[in-house]
Amino acid sequence: MRIAVLGGDGFVGWPTSLHLSNLGHEVHIVDNLSRRWIDTELGVQSLTPMDSIQERCRIWKQESGNTIHFHLLNLAKEYERLKQWLSDHKPDAVIHFAEQRAAPYSMKTDRHKVYTVDNNVNATHNLLAALVETGIDAHLVHLGTMGVYGYSSVGAPIPEGYLDVEIDTPSGKKGMEILYPTRPGSVYHMTKSLDQILFQFYAQNDGLRITDLHQGIVWGTHTDQTRRHEQLINRFDYDGDYGTVLNRFLIQAAIGYPLTVHGTGGQTRAFIHIQDCVRCIELALSDAPKAGERVKIFNQMTETHRVRDLAHLVARMTGAEVRMLPNPRKEADENDLIVKNDQFLSLGLNPITLQEGLLAEVVDVAKKYAHRIDRSRVPAVSAWTKDIAKRVDHDPEGKKLKAV
Ligand code: USQ
């Protein structure tokens, strides 16, 4: 297949591009390199040293003999160029990762909120409108998030995207299927909720074939392809805005920084290893919906864990100290989470679960590049409200709190 990977320079986009190229697909990365610009804005860098996208593609060609093409294009701002690109290249599938993906970044200031909505919603809508206009019947696979469901305890498993409900009508009860009600916990998660409505409309109105992947929190760093050469290494975020919880704990353990648990650590979240992410994309591509069908929604996660349990697991493994910090986010202190992921299992996903070996691999990578870490960028200081900001500002590293 000819596959466009929009956002193919990012944390999941890059290993996905390598994985698909390795399978023999013709891969075209379309990216505006915004993630690299955000590093510059924030004054942080990936823990792992990343080469330019052109250099990464050159090394891949040298390693595998396969070409990954790179196209510099801003999906959200260059609509006419996007249309032209689609007409020129006529992809069979488009994988859409091209969105600002960090909840804390999206909550930093009003400017970051505006940027995140502007970038993410326009990127998605421009793509949908351009597919219709150019008449290209590509299967669109979008990287969504488990966070669209929200994190209140519901006491029932979260289905894959849709919920069967019964409503009262004058002629009795009527059953219907609705999109699971969204309850985003950040502006970033809100944009992915808005995306769902855009997909629903374009699938129903124009017969676009769309798959939306509700992905959990990714952990790990290497995949089979990024291990093949030092310069194919994946990016790896550790800072308070872009680092995600389990990877952050592992990096913190590697550099002797107390593990930063927000609040009670009773938040339960869904997780998936990076190797399974790329495999899920492959599986989703093999199971495209037909024109006229509803959007296909998968829960792209393999297990759930409570944040404090993860901290204690990492602490036991490494001897790290665990510290409970004032939570910069507005989120439930404690929640349960049961998630259905039957569709990927039935397509043949054999989940990688938390294993000491893979956790240790992350710690080893972090130790190798520890000299690149700026410890002052480890605390998460982006606060969800002005009131929370005052509290977090006083004690960003929880020094006044007792370590547990
Ligand atoms: N947390 C800590 N300590 C930390 C960092 C996070 O306790 O040092 C807590 C947070 O307060 C939160 C949980 O861990 O309760 C998860 O935070 P996270 O930063 O790992 O994940 P999140 O902000 O939800 O976002 C990440 C990705 C996003 C993806 C999402 C999947 O950045 O792109 O969509 O995970 S999900 O969480 O399932 O919605």
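The values are calculated or read from the model by the stated rules, or taken from the named source; none is laboratory data. Computed from a prediction, not measured in an experiment: that's the story for all the values here. Because the Cβ atoms are built from the backbone with ideal geometry, glycine has one as well, and the counts that use them run over all protein chains shown. Heavy atoms of the whole protein, side chains included, go into the accessibility calculation; ligands, DNA and RNA do not. Shrake-Rupley method; radii C 1.70, N 1.55, O 1.52, S 1.80 Å.
Okay, here's what the table says:
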{"read-out": "Among residues of region 80-110, those that are closer than 12 Å to Leu131 by Cβ, open to solvent by less than 60 Å² (accessible area, probe 1.4 Å) and of a type outside the set (S, T, N, Q), counted", "value": "8"}
{"read-out": "Tabulated pairs, region 380-404, first acidic (Asp, Glu), second at pLDDT 70 or above, C-beta under 7 angstrom, 6+ apart or interchain", "value": "Asp395/Pro326; Glu397/Pro379"}
{"read-out": "Checking Arg183 against (1) open to solvent by 60 Å² or more (accessible area, probe 1.4 Å); (2) assigned to a loop (DSSP other than H, G, I, E, B); (3) away from the ligand (no atom under 13 Å from the Cβ); (4) at pLDDT 95 or above, the condition it does not meet", "value": "(3)"}
{"read-out": "Within region 206-261, considering residues that are hydrophobic (A, V, I, L, M, F, W, C) and part of a loop (DSSP other than H, G, I, E, B), the one nearest to Pro379 (Cα to Cα)", "value": "Ile255"}
{"read-out": "Tabulated pairs, region 153-172, first at pLDDT 95 or above, second hydroxyl-bearing (Ser, Thr, Tyr) and open to solvent by less than 40 Å² (accessible area, probe 1.4 Å), C-beta under 8 angstrom, 6+ apart or interchain", "value": "Ile158/Tyr149; Ile158/Tyr180; Pro159/Tyr180; Gly161/Tyr180; Tyr162/Tyr180; Leu163/Tyr180"}
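Per-residue answers, yes or no, for (1) open to solvent by 10 Å² or more (accessible area, probe 1.4 Å); (2) within 16 Å of the ligand (Cβ to nearest atom); (3) in contact (Cβ under 8 Å) with a residue 24 or more places away in the chain:
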{"position": "Leu208", "(1), (2), (3)": "yes, no, yes"}
{"position": "Asp212", "(1), (2), (3)": "no, yes, yes"}
{"position": "Gln231", "(1), (2), (3)": "yes, no, yes"}
{"position": "Thr244", "(1), (2), (3)": "yes, yes, yes"}
{"position": "Ile251", "(1), (2), (3)": "no, yes, yes"}
{"position": "Pro258", "(1), (2), (3)": "yes, yes, yes"}
{"position": "Arg269", "(1), (2), (3)": "yes, yes, yes"}
{"position": "Cys280", "(1), (2), (3)": "no, yes, yes"}
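Conditions (1) outside any loop (DSSP other than H, G, I, E, B); (2) modelled with pLDDT under 95; (3) farther than 15 Å from Gln215 by Cβ; (4) not basic (Lys, Arg), marked per residue:
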{"site": "Val278", "(1), (2), (3), (4)": "yes, no, no, yes"}
{"site": "Ile281", "(1), (2), (3), (4)": "yes, no, no, yes"}
{"site": "Arg294", "(1), (2), (3), (4)": "no, no, yes, no"}
{"site": "Leu313", "(1), (2), (3), (4)": "yes, no, yes, yes"}
{"site": "Glu331", "(1), (2), (3), (4)": "no, no, yes, yes"}
{"site": "Phe344", "(1), (2), (3), (4)": "yes, no, no, yes"}
{"site": "Thr353", "(1), (2), (3), (4)": "no, yes, yes, yes"}
{"site": "His371", "(1), (2), (3), (4)": "yes, no, yes, yes"}
